[in-house]
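Q: First the structure, which I've put down as structure tokens, then a few questions once you've had a look.
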Amino acid sequence: MRETIANTAFDITQGSEDLKVVIAGLSNVYTHYITTYEEYQRQRYEAASTIYGPHTLRAYQEQFTYLTEAMLQVIKIYGIFKSSFEDFEVLFQDLSVPSGTPPPDLEDVQLSFVPGVLFDNPPVGHQFGDCLLQPPSLVYKGEMVKVRFVAGHPRNDLKLDETFLVVEKFDGVEWMPILTDNDWETEFEWIRTNVILGESEAEVRWFVPVDQEPGTYRITHYGHHKTLLRGDIIPYGGTTNEFEVTSPEIRQRYGQIPRKIRPNIFRHLSKIFRKHFSFFG
């Protein structure tokens, strides 16, 4: 594949020495394995997993040759090779390439053996999105913020292009999203609390980086719940109270000592008392 693309590009660029071909298979799960025609005949693991048949590689070579020619068609027009992306962008302004036949959308015909969601129900006295566990008013860099919401089942809407959570920062005018469930610093966990009544909670955890910018933050949870009688899927959302993120270095008195350090101080004071006062044992 790389050789096919390199040869095509080499011919178009008239033998440019700066040419490098990099193939990044970021979505190879959609096409699975690709073997040669000869290897396909043996039908071992990789060949048996080449799901589009023995000519898959040849089809790829033809399509990538076409794409390479389309990307470098400016060379045919202007007879020059530009290595700068900005130069290419200017030259490509009046050029277009047909998008071709779009792939079929098979999402509606996927088989699933996972039982569907029957219904969701909030606890008595609560609504979906209510925050059951609020964050502390003051959070220090390096700590974890954990909050809980009354939630519906996440399979009501998988939010493939959206998010179950957002960490927001107040910039003085409005709330700006800075993190979602796509970020390493956050975790989302759905917890079934009552199977019979259909009650559940969503726990959101934010591991505050040590270099997090100080300021005012809040956490929002988004989800969908399913009604019992009609089976409607209804969206909901909930937001925590505001809390401040700051640096532990600014604290001087006991009340400003990081919570994770306080137990060590208590143990140290306890040792001192036991050493000097016998009635402490």
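Q: Over segment 131-254, consider all pairs of different Cα atoms and compute the Kirkwood hydrodynamic radius from their mean reciprocal separation; express it in Å, one decimal. Intermediate values should be presented prior to the final figure.
A: On the way: mean 1/r = 0.0643 Å⁻¹.
About 15.5 Å for segment 131-254.
Q: Right, something else. Could you list R2, R218 so that the one with the fewest beta carbons within 10 Å of its beta carbon is first and the one with the most is last? Walk me through the intermediate numbers first.
A: Numbers: R2 10, R218 18.
Placing the least packed residue first, the sequence is R2, R218.
Q: Provide L160, L19 in ascending order of the number of other Cβ atoms located within 10 Å of each residue's Cβ, fewest first.
A: Details: L160 6, L19 15.
Least to most surrounded, the residues fall as L160, L19.
Q: Determine, for T31, T68, the number of other Cβ atoms within 10 Å of each Cβ, and report the residues in order from fewest to most.
A: Values: T31 13, T68 19.
The fewest-first ordering by Cβ neighbours comes to T31, T68.
Laboratory data are not the source of any read-out in this text; all were calculated from the coordinates shown. All values reported here derive from a predicted model rather than from experimental measurement. Neighbour counts run over all protein chains shown; Cβ positions are idealised from the backbone, glycine included.
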